[in-house]
Amino acid sequence: MPLQRSDLSQDVLAQFAQGTVIPAHPLALDAQRRFDRQRQRALTRYYVDAGAGGLAVGVHTTQFNIREHGLYETVLRAAIEDQQAWTSRPMIMIAGLCGNTAQACAEAGTAVGLGYHAGLLSLAALASASEDELIAHCEAVSREIPIIGFYLQTAVGGPVLSSAFWRRFASIPNALAIKVAPFNRYRTIDVVRGVVDARAEERVFLYTGNDDHIVLDLALPFTTMRDGQPVTVRFRGGLLGHWSVWTASAVKQLARIKTALAANGGQLDPELLALDSRVTDCNSAFFDVANNFQGCIAGCHEVLRRQGLLRGTWCLDPGETLGPGQSEQIDRVYALHGDLSDDAFVRDNLARWLA
């Protein structure tokens, strides 16, 4: 049966509205590039115990080509079964949806059948479509599952989307949120303008996917004008590939930002604001910015491998590897920003997660 926003539990909706950490779940493979069920389970347990409020599965960090390998339903099923077996607290379970309308609707049906709450809708496969065609696609998928818009950066296949597009998207009744990830401040503001113009700022939740400005997106207000008056909105939380690593620290960082905003009337101290550049520096290594994001998935795998959560950095595509010099860049940020890691947390719990 199709799933509507009104079908979601109040606990899930409240978690989404309050803002939380949602890691993009990686795919664990063995040396033969086969699905590693034990390590996949360990990753899910890690995110739960780190305090994540949800999981995004079947998304870019999970590797879009799980579909060609017949792993889409397998991986989604594993994540929700392992999450439910490991904790009784409510978590937001988000399924990645991609492809043409028929494919995305079929994936939405699979996700609903497994118990997922929303679909993160990639438009990369429709990059050459008109705005009307894109909105029709979003509306069709929204009839199956609450949708989360995805402004994917152009470097990894996302189309440029106007403020008018986001106004129309935010007007879709079953639109739940938008992951804003163009890695571009102008385009980020286009999303804000679109949501405000749709008068949807209290209904459609903004989540940052801008791995290059995580802390500032979460800390700063975004103000635009409507009917001659300023309207201010904030990002509620983040849905990030970057948060697939050092997740326990990400949870603490978001809590620190929320506490500071509540205690100081929205004013943040310079030390907290300066954290943005440190986190971005780490992301530059993990996402292989020096090589135009060539190793963005393998880089996250490398951090998880160093912690013992993964056995290797293998991806489904043998050509998807660490970029030239990326390992040395990860060494560098570990040396400079190791206090931002959660290595001790992983070390203390790894055996339990692998059991």
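What are the semi-axes of the equivalent ellipsoid for the stretch 180-298, taken as the square roots of 5 times the Cα gyration tensor eigenvalues, largest first, in whole Å? Can you show the working numbers first?
On the way: eigenvalues 129, 68, 28 Å².
Semi-axis lengths for the stretch 180-298 are 25, 18, 12 Å.
For Ser88, Ser142, write out the residues from largest to smallest accessible area, computed with a 1.4 angstrom probe and no ligands counted.
Working: Ser88 120, Ser142 10 Å².
Largest to smallest exposure gives the sequence Ser88, Ser142.
Could you check what % of the DSSP bridge pairs in the stretch 153-245 are antiparallel, to the nearest 5? Provide the component values of the computation, followed by the final result.
Values: 5 of 11 bridges.
If I count the DSSP bridges inside the stretch 153-245, around 45 percent turn out antiparallel.
Report the Cα centroid-to-centroid distance between the stretch 162-206 and the stretch 296-317 in angstrom, as an integer.
If we compute the Cα centre of each part, the gap is 33 Å.
For the stretch 148-245, what D do you get in µm² per second when you plug the Kirkwood radius from alpha-carbon pairs into Stokes-Einstein at 20 °C and 1.002 mPa s?
Value of D from the Cα-based Kirkwood radius: 162 µm²/s.
Would you mind telling me the share, in percent, of accessible area of the stretch 197-329 contributed by carbon and sulfur at probe 1.4 angstrom?
About 52 percent, which is the carbon plus sulfur part of the accessible surface.
Distance between the C-alpha centers of the stretch 1-36 and the stretch 105-130? Whole Å please.
A separation of 13 Å, based on Cα centres.
Suppose all protein chains stay in the model; what accessible area per residue would a 1.4 Å probe give for the chain, in Å²?
Values: 13620 Å² over 355 residues.
Here the residues of the chain average 38 Å² of exposed surface.
Quick check: at a probe of 1.4 Å, how many percent of the accessible area of the stretch 53-114 sits on carbon and sulfur atoms? Intermediate values should be presented prior to the final figure.
Details: 1080 of 2140 Å².
Taking all protein chains in place, the stretch 53-114 shows 50 percent carbon and sulfur surface.
Order of 93-103, 6-16 by packing, highest average Cβ count within 10 Å first? Walk me through the intermediate numbers first.
On the way: 93-103: 21.1, 6-16: 14.6.
Packing order, densest peptide first, comes out as 93-103, 6-16.
Report, as a whole number in µm² per second, the diffusion coefficient that Stokes-Einstein gives for the stretch 231-355 at 4 °C and 1.567 mPa s using the Kirkwood radius over alpha carbon pairs. The partial results should precede the final answer.
On the way: Rh = 15.9 Å.
Roughly 81 µm²/s, to the nearest whole number.
Per residue, what volume in Å³ does the convex hull of the Cα atoms of the stretch 1-143 enclose?
Values: hull volume 16.3 nm³, N = 143.
Normalising the Cα hull of the stretch 1-143 by residue number yields 114 Å³.
First select every other residue whose beta carbon is under 13 angstrom from the beta carbon of Arg306; then total the charges, Lys and Arg +1, Asp and Glu -1.
Details: positive: Arg305, Arg311, Arg347; negative: Glu302, Asp331, Asp342, Asp343.
Here the charged neighbours net out to -1.
Determine the calculated [θ] at 222 nm for the chain from helices alone, applying -39500 (n - 2.57) to every DSSP H run no shorter than 4 residues and normalising by the residue count; nearest 500 deg cm²/dmol. The partial results should precede the final answer.
Numbers: 13 runs with 161 residues, N = 355.
The helix contribution divided over the chain gives -14000 deg cm²/dmol.
Give the value in nm², to one decimal: projected area of the alpha carbon convex hull of the stretch 73-170, averaged over all directions. Spell out each step's value before the answer.
Values: hull surface 26.8 nm².
The Cα convex hull of the stretch 73-170, projected and averaged over all directions, gives 6.7 nm².
According to a simple spin-label model (label point 7 Å from Cα along Cα-to-Cβ), what is the distance in nm between Arg185 and Asp281?
If labels sit at Asp281 and Arg185, their model points lie 2.0 nm apart.
Taking GluC sites (Glu not before Pro) as exposed when DSSP calls them loop (any state but H, G, I, E, B) and at most 13 other Cβ atoms lie within 10 Å, what is the longest stretch of the chain free of them, the sites themselves excluded?
Values: sites that count: Glu68, Glu202.
Longest stretch, sites excluded: 203-355.
Of all beta bridges DSSP finds with both residues in the chain, what is the antiparallel percent, to the nearest 5? Display every interim value, and only then the final one.
Working: 6 of 33 bridges.
The antiparallel proportion sits near 20 percent.
Quote the charge dipole size of the stretch 272-329 about the Cα centre in Debye, to the nearest 20; the model charges only the Cβ of Lys and Arg (+1) and of Asp and Glu (-1). Please list the in-between numbers first.
Working: 4 positive and 7 negative charges, 48 e Å.
Here the size comes out at about 240 debye.
Would you work out which of Val233, Asn210, Ala248 lies farthest towards the positive end of the dipole of the stretch 134-289? Charges go on Cβ: Lys and Arg +1, Asp and Glu -1.
Looking along the dipole axis, the top candidate is Val233.
Can you tell me what percent of all Cα-Cα pairs in the stretch 141-200 are more than 17 Å apart?
Values: 604 of 1770 pairs.
Here the tail beyond 17 Å accounts for 34 percent of pairs.
For semi-axes √(5λ) of the Cα gyration tensor in Å, which listed value, [x] 34, 26, 21; [y] 46, 25, 20; [z] 28, 25, 20, comes from the coordinates shown?
[z]
The values are calculated or read from the model by the stated rules, or taken from the named source; none is laboratory data. Here the structure is a predicted model, which means the values were calculated and not measured. A quick note on method: Cβ atoms are made from the backbone with ideal geometry, for glycine too, and the neighbour counts reach across all protein chains shown. Only protein heavy atoms, including side chains, enter the accessible area calculation; ligands, DNA and RNA are left aside. Shrake-Rupley method; radii C 1.70, N 1.55, O 1.52, S 1.80 Å.
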